[in-house]
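For reference, the structure discussed in these notes is given below.
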Amino acid sequence: MQSPCTVLIVLATLISFPTRTPAKEIQLRFVTWRPEAAWVWDRVIADFEAENPGVKIVREVGPHSSTEFHDLVTQKLRNRDPGMDVFFMDVIWPAEFASAGWTLPLDRFFPPSEQKEFLPAPIQANTYQGRIYGVPVFIDAGLLYYRKDLLQKHHLPPPRTWPELVANAKVILAKETDPHLTGFSGQFKQYEGLVCNMMEYILSNGGSLWDEKELKSALELPRAKQAVVFVRDRIIGEISHRGVLAYQEPESLALFSEGKAIFHRNWPYAWQAVNDPRKSKISGKVGMRPLPAFPGGKSVAALGGWQLGISRFSRKPELAWKFVAFMTGREIQKRLALTGLAPTRKGLYEDADIIGKNPQFKSQLETFLLAVPRPRTPVYSPLSNIMQRYFSSAVAIPASDVDQLARLAARDTDRVLDLLREKSRP
Ligand code: GLC
């Protein structure tokens, strides 16, 4: 039996040292890349955490290159790693991830009535065999940026065809005395961006990457090869710095922003960056329009953009959805759109604040609606690797044997496409 004194001491101790352990933090792991306006994303994530006390978003920042980011994410998915809940997906991945069973179908959270609020192309890209696997965050489409001041100075109109672009660049280069000025800056490193750039040349010459109905490569067809030779001999051979062969988006944008290129191919985000005097020497001197075509062809913009997906191996799918819904809701899309990322929610193209800050979205909307997707197939990744190797050697080596390289690439492409044909056989 304890004395009343001991009981009092025990009670006092319990009162002064509460035994309640603090609520355990719930972590949600998000695999992302480093965004342009990083501080805005930091705020957005902090706001989600503030609205959801006890939840911590742990970010893993992957590489910028879509190809390298794909390797990181697919490695985790192959390992069934529960340490990744939510991740960014390039517009070309949902078919592959869905067919591998790596991403959670989102239909119960993201019904057609809600999907209708979004632009149709990214919704289609996220749909595989009738189910939806990602929610689009922003849309991309290739655009031509140009030095309005230099074209005006030399009395030249913005080019509508690729040969005109090369000719205009040569006129300006011959008359300007700046030894650092070059004609064109785009993305020609061996990675996914190269496929986007080359696809725009090939399709605007009436060619294609492969015949999606016949499941047969089209790289060996004359229109595709002519476009590749044009890039090798005229875009890279005549008006670009050879450094473009190692450029992804950031390096090519930096060259243009430093005032060292007359023409530049990039996605919509580049508009705010080139017009920000803190980051750019050519703010206010830039024009933008749809990409040129070959004579007789039509301008083609590759469809790009990023979505959020939820890993099938996440142990917190409900919370993961809460985060995805927050990040893709109207309010956050608006905040991201104000940083220059083109929204995927249709209604935001009517939003006065967004259009006030980004009037270019109004004219770009048509390009977004017409942008051409890269073929939607679970084997896109191996096909892209074949094309990346082909395009890279074809345009980087001045006297490359394009016939032979195209033949080999077409043969390899057909082998991969044969697998699809066998799969679809009854
Ligand atoms: C952009 C596009 C993406 C594309 C990539 C290539 O991030 O949104 O779709 O694959 O560029 O570099």
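Worth pointing out:
- Test result for VAL61, within 16 Å of the ligand (Cβ to nearest atom) and open to solvent by 60 Å² or more (accessible area, probe 1.4 Å): yes
- Residue count for the stretch 230-254 satisfying the condition of being under 18 Å from LEU291 (Cα atoms) and open to solvent by 40 Å² or more (accessible area, probe 1.4 Å): 1.
A quick yes/no check of all residues on (1) more than 16 Å from the ligand (Cβ to nearest atom); (2) in contact with a strand residue (DSSP E or B) (Cβ under 9 Å, 6 or more places away or on another chain):
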position: MET288; (1), (2): yes, yes
position: ALA302; (1), (2): no, yes
position: LEU319; (1), (2): yes, yes
position: ARG330; (1), (2): yes, yes
position: GLN364; (1), (2): no, yes
position: VAL372; (1), (2): no, yes
position: ASN385; (1), (2): no, no
position: SER393; (1), (2): yes, no
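- Taken over the stretch 64-85, residues that are of a type in the set (A, V, I, L, M, F, W, C), within 12 Å of the ligand (Cβ to nearest atom) and open to solvent by 10 Å² or more (accessible area, probe 1.4 Å) amount to 0.
- Candidates ALA320, ALA301, ALA337, ALA342, filtered to the one that is touching a residue at least 60 places away in the same chain (Cβ under 8 Å), open to solvent by less than 30 Å² (accessible area, probe 1.4 Å) and more than 18 Å from the chain's Cα centre (by Cα): ALA320
- Candidates ILE310, ILE332, ILE354, ILE386 - the one that is aliphatic (A, V, I, L, M), free of Cβ contacts under 8 Å to residues at least 40 places away in the same chain and closer than 24 Å to GLU36 by Cα: ILE354
- Restricting attention to the stretch 345-373 and to residues that are among the charged types (D, E, K, R) and under 22 Å from LYS116 (Cα atoms), the residue that is surrounded by the fewest Cβ atoms within 10 Å (Cβ to Cβ) turns out to be GLU350.
The values are calculated or read from the model by the stated rules, or taken from the named source; none is laboratory data. Every value quoted in this text rests on a predicted model; they were computed, and no experiment measured them. Please note: Cβ atoms are built from the backbone with ideal geometry, for glycine as well, and neighbour counts cover all protein chains shown. Ligands, DNA and RNA are stripped out before the accessible areas are found, and what is left, the full protein with its side chains, is counted by its heavy atoms. Shrake-Rupley method; radii C 1.70, N 1.55, O 1.52, S 1.80 Å.
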